[in-house]
Amino acid sequence: MATQTATPTKPKQDSAVEQKIQELRTLFADAPEMAKTGLEHALPSLMSQAAEAQASETESAGRIGIRQGTVSELTVIAPFAPGGAKRLRAVLRLLNGNFSGGRKVGTLHNMRFVFVDNDTRFLFATAYDGQWDPYIDDFATKIPDEMDVIFSAFEGWPGIHSPKVKDWIVKHQIPAEGWYVAHPDLSVAEAGRLKHIGKAVDEFLDKLNE
Amino acid sequence: MPTQTATANRPKQSLTVDEKIQKMRELYADAPEIGKTALENGLPTLTQALAAPSAEQTAGRIGLRQGKVSELCVFLPFVKGGAKRLRGFLQLLEGNFRAADAVGTVHDMRFVFVDNDTKLLFATAYDGDFDEYIDDFAAKIPNAMDLWLCNCEGYPGMRSGKAKEWIFDHQIAAEAWYVNSPNLTAAETRRLEKVGKAVEELLDKIG
């Protein structure tokens, strides 16, 4: 699939800003009028962004997917197995957002399940820390049963313990073309540490004011 | 589309934990063998999750929220040439979405090209409710929005006053949404990062 090769073919960082602007204008030459106007309005801030591009460039998340700083993206779209949509919807409703398993993995920022195309396919998207392979390994070692309860709703799911599971995921994963993270250096662990520090500082200040 | 009303007609949480487990067993009676085994093995953990109070709320008009963090997910058909233009644009940006920084309530966002470049999947995690979030984009970064979304069919323009309805029409509410730190807004994260840095400096000075 053409989209899967997007990561390695990104242009080199050192291309001149002017050249990028020129490429943008070329890209937008046949765009709707609204877009051309938008481009001209946005150019000044786009230029400064491009000049600072080194700061937060998008990198690869390993085998597949892209990463900003420490945070990577995984997006999977796959068909439901017969009866899978009904089963999964009911399970998700019973769970009511309580994914204690997600917390156990320890590198998961967020995760969504979306049913698309009249319940024939699902979208599973997560933001996580680090590289693709260790992330999938983490799911397999820390919450294998939860994974199988949920993912057995999908066609061809080989089982989290199967040697084919990574191939199944890669086959259905589509790497993002664009990925933004507001705090690219904030891992799940670091967020936990900062919340802890914030609380300690608040308590300290309270004591000073007693 | 039936999925769009998912948020509204969730069942009331009046079932006991035992009833929920019973329901899970019924649901998985005709599941693949992998799923059935996993259900039995995973019951202790599942029981904890089923016993917990609901962790999910709505993000207002559409979408789910956990704590303060909401999800938005839209599938937008590309106009002719739109996929090529947006791909080129995103590659030139190299991940530098300064515009999203300007909004101040975005946690993350992804652009995924699906179904052989015929549709854009845009998914984001953000703070608060749908209406205010879209209003924020319209007020703070209308140009950037027009640059992204003009590549999609029927986009009325951020200044048209119709953009919110258009997004709503294409949005599919998630069936489930998990956030590791549900009470950590983007603003609170910025504050904590400052506090953390200040504490380190203080400790350095003391040391």
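Below, the figures for the structure above:
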read-out: Residue-count net charge about residue B:178 - beta-carbon cut-off 13 Å; Lys, Arg +1, Asp, Glu -1; value: 0
read-out: Shielding of B:139-148 by partner chains, average beta-carbon count, 10 Å; value: 5
read-out: Unit charges at the beta carbon, dipole of the protein assembly as shown: most positive-side option, A:184, A:100, A:88; value: A:88
read-out: Lysines with Cα under 25 Å of residue B:36, excluding same-chain neighbours fewer than 8 positions away; value: A:86, A:104, A:142, A:164, A:166, A:171, B:20, B:23
read-out: Charge sum, other residues only, whose C-beta stays under 9 Å from residue B:42's C-beta, Lys/Arg counted +1 and Asp/Glu -1; value: -4
read-out: Centroid-to-centroid separation of segment B:71-140 and segment A:148-187 [C-alpha atoms, Å]; value: 21
read-out: With eigenvalues of the C-alpha gyration tensor scaled by 5 and rooted, chain A, Å; value: 34, 29, 17
read-out: Convex hull of segment B:58-170 built on C-alpha atoms - directionally averaged projected area, nm²; value: 6.5
read-out: Dipole in debye (nearest 20) - chain B, about Cα centre, beta carbon charges: Lys, Arg +1; Asp, Glu -1; value: 400
read-out: Net charge over other residues, Cβ less than 11 angstrom from the Cβ of residue A:79 (K, R count +1; D, E count -1); value: -2
read-out: Net charge dipole size for the protein assembly as shown [Lys, Arg +1 and Asp, Glu -1 on Cβ; Debye, nearest 20]; value: 520
read-out: Amide H contacts under 5 Å for residue A:80, placed H, 5+ residues apart; value: A:121, A:122, A:155
read-out: Size of the protein assembly as shown as Cα extents on the principal axes (Å, biggest first); value: 63, 62, 42
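Computed from the coordinates by the stated procedures, all read-outs in this text should not be read as laboratory data. Just so it is clear, the structure is predicted and the values come from calculations on it, not from any experiment. Cβ atoms come from the backbone with ideal geometry, glycine included; neighbour counts cover every protein chain shown.
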